[in-house]
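S.K.: I am attaching a structure below and will ask some questions about it afterwards.
The values are calculated or read from the model by the stated rules, or taken from the named source; none is laboratory data. Computed from a predicted model, the values in this text were never measured in an experiment. Cβ coordinates were reconstructed from backbone atoms using ideal geometry, including for glycine residues, and neighbour counts include every protein chain displayed.
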Amino acid sequence: MASPFRIASLPGDGVGPEVMDATLAVLDAVAPLAGFVYEATSFSVGAGEYLRSGDPLPPGTFAAIQEYDAILLGAMGLPSVRWPNGVEMTPQIDLREKLDLYCGLRPIYLYHADDTPLKGYEAGGIDLLLVRESTEGLFSGRGEVRDPDADVVEDRMRITRRGADRIVRAAFRAAMKRRKHVTLVDKANVLPSMAFLRQVFDQVAAEFPDVATDRVYVDAAALYLVRRPESFDVMVTENMFGDILSDQCAALIGGMGMAPSADIGDRFAVFQPSHGSAPDIAGQGIANPVATVLSAAEMLDWFDTAASRAGASCIRAAVRKVFQDPGARTRDMGGKLSTQQMGAAIIAALAA
């Protein structure tokens, strides 16, 4: 028998433990069906850990999780727990930077026509992949200490040739497995850093003659996502732009509870829902676990064995089957299912 996949589970804060429990239950169910074995070990990371130990990402924990095959994360951060400079604690971003997880993948797929605010879109009518650079861009200065008495505070946009080249190449490689179309989202008409990103994009694009390309300013991209989302296959963009547009994309398919994500580097990878910790509903058992479940499917694809890929396909097929019933929704999508009930529905669909 093949060695088990070793997964570091970071449930985190707010609704994180609830969606993680539902997701691990789905993994328990799909593993024997697809023929893989996994082991999950839980670690405490996040705002709650900071309140307990004084560090949201303890060095010992950070060292330990690097020994695992992948990291599965629930949600992290609480609005009331902040650093002295006023910003929230975001160990999930620390992980991206410390582990060099430069490639942020945000798959967006519409499972049912009733779940989009747009008219005329059936299941599968919105199907795109947002590729977000996750280690530089406008996030680069987030760790700088702010003078509380300052009259001016500046952030910087940092685009390196290495960072731009590798994220653009990741987007083109993803497009080769999809519909062979990549859209660069930038602000090259105003910002020199974005003009540089476009220059690198054009250089890499020349190496992929089979892939069609577009270049769209970020404000226009926001408009086109509402007017004609079907025109996008793979979108690639800077860190902050990707952060904003990924939420807009999620709104097109039912909300943040439907939006999985993966942050991948050359050695490590973290998989998590795109949503936050939602402390206002934590402990009520009503959070939507689908984004986390689909993030686990992304993880299985990343493991890249026949059994794990089969498991990922089984999970997506089960979610597709559940969402064929317009009434099978959690409260964020207008339904009445609890977190546990949605997880159970997906498990039942796996076995059907």
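S.K.: Strands (runs of 3 or more DSSP E) wholly in the stretch 161-279 with at least 2 residues that are hydrophobic (A, V, I, L, M, F, W, C), out of contact with any His (no Cβ under 8 Å at 6 or more places or on another chain) and touching a residue at least 24 places away in the same chain (Cβ under 8 Å) - which ones?
M.R.: Strands (runs of 3 or more DSSP E) meeting the threshold: 181-186, 234-237, 260-264, 269-273.
S.K.: With the structure loaded, tell me whether PHE303 is surrounded by fewer than 24 Cβ atoms within 10 Å (Cβ to Cβ), in the same structural domain as TYR68 (by TED's automatic domain parsing) and aromatic (Phe, Trp, Tyr) or whether it fails that test.
M.R.: In short, yes.
S.K.: Among the candidates VAL190, VAL185, VAL200, VAL204, single out the residue that is loosely packed, with under 14 Cβ neighbours inside 10 Å and among the β-branched types (Val, Ile, Thr).
M.R.: On inspection, the qualifying residue turns out to be VAL190.
S.K.: For residues that are touching a strand residue (DSSP E or B) at 6+ places or on another chain (Cβ under 7 Å) and among the polar types (S, T, N, Q), scanning just the stretch 262-291, find the one that is farthest from ASP243 (Cα to Cα).
M.R.: Ranking the qualifying residues of the stretch 262-291, first place goes to ASN288.
A quick yes/no check of all residues on (1) polar (S, T, N, Q); (2) buried (at least 17 other Cβ atoms within 10 Å of the Cβ); (3) in contact (Cβ under 8 Å) with a residue 60 or more places away in the chain:
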{"position": "SER295", "(1), (2), (3)": "yes, yes, yes"}
{"position": "MET299", "(1), (2), (3)": "no, yes, yes"}
{"position": "ARG309", "(1), (2), (3)": "no, yes, no"}
{"position": "ALA317", "(1), (2), (3)": "no, no, no"}
{"position": "LYS321", "(1), (2), (3)": "no, yes, no"}
{"position": "GLN324", "(1), (2), (3)": "yes, no, yes"}
{"position": "GLY327", "(1), (2), (3)": "no, no, no"}
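S.K.: Does the stretch 2-11 include one or more residues that are farther than 20 Å from ALA259 by Cβ, aromatic (Phe, Trp, Tyr) and touching a residue at least 60 places away in the same chain (Cβ under 8 Å)?
M.R.: Scanning the stretch 2-11 turns up at least one residue that is farther than 20 Å from ALA259 by Cβ, aromatic (Phe, Trp, Tyr) and touching a residue at least 60 places away in the same chain (Cβ under 8 Å).
S.K.: Of the conditions (1) closer than 22 Å to MET76 by Cβ; (2) part of a helix (DSSP H, G or I), SER308 fails just one. Which one is it?
M.R.: Checking SER308 against (1) closer than 22 Å to MET76 by Cβ; (2) part of a helix (DSSP H, G or I), the one that fails is (1).
S.K.: Quick one: what pairs do we get from the stretch 107-123, first residue assigned by TED's automatic domain parsing to the domain that holds VAL182, second surrounded by fewer than 18 Cβ atoms within 10 Å (Cβ to Cβ) and aromatic (Phe, Trp, Tyr), C-beta under 6 Å, 6+ apart or different chains?
M.R.: If the second residue must be surrounded by fewer than 18 Cβ atoms within 10 Å (Cβ to Cβ) and aromatic (Phe, Trp, Tyr), no pairs are left.
S.K.: Could you identify the single residue in ASP266, ASP332 that is closer than 21 Å to ARG96 by Cα, modelled with pLDDT of 95 or more and surrounded by fewer than 23 Cβ atoms within 10 Å (Cβ to Cβ)?
M.R.: ASP266
S.K.: Tell me, please, whether a residue that is under 25 Å from the mean Cα position of the chain (by Cα) and on the phi > 0 side of the Ramachandran plot can be found in the stretch 157-174.
M.R.: No.
Per-residue answers, yes or no, for (1) in contact with a helix residue (DSSP H, G or I) (Cβ under 6 Å, 6 or more places away or on another chain); (2) part of a loop (DSSP other than H, G, I, E, B):
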| position | (1), (2) |
| --- | --- |
| THR61 | no, no |
| ILE71 | yes, no |
| SER80 | no, yes |
| GLN92 | no, no |
| LEU95 | no, no |
| LEU105 | no, no |
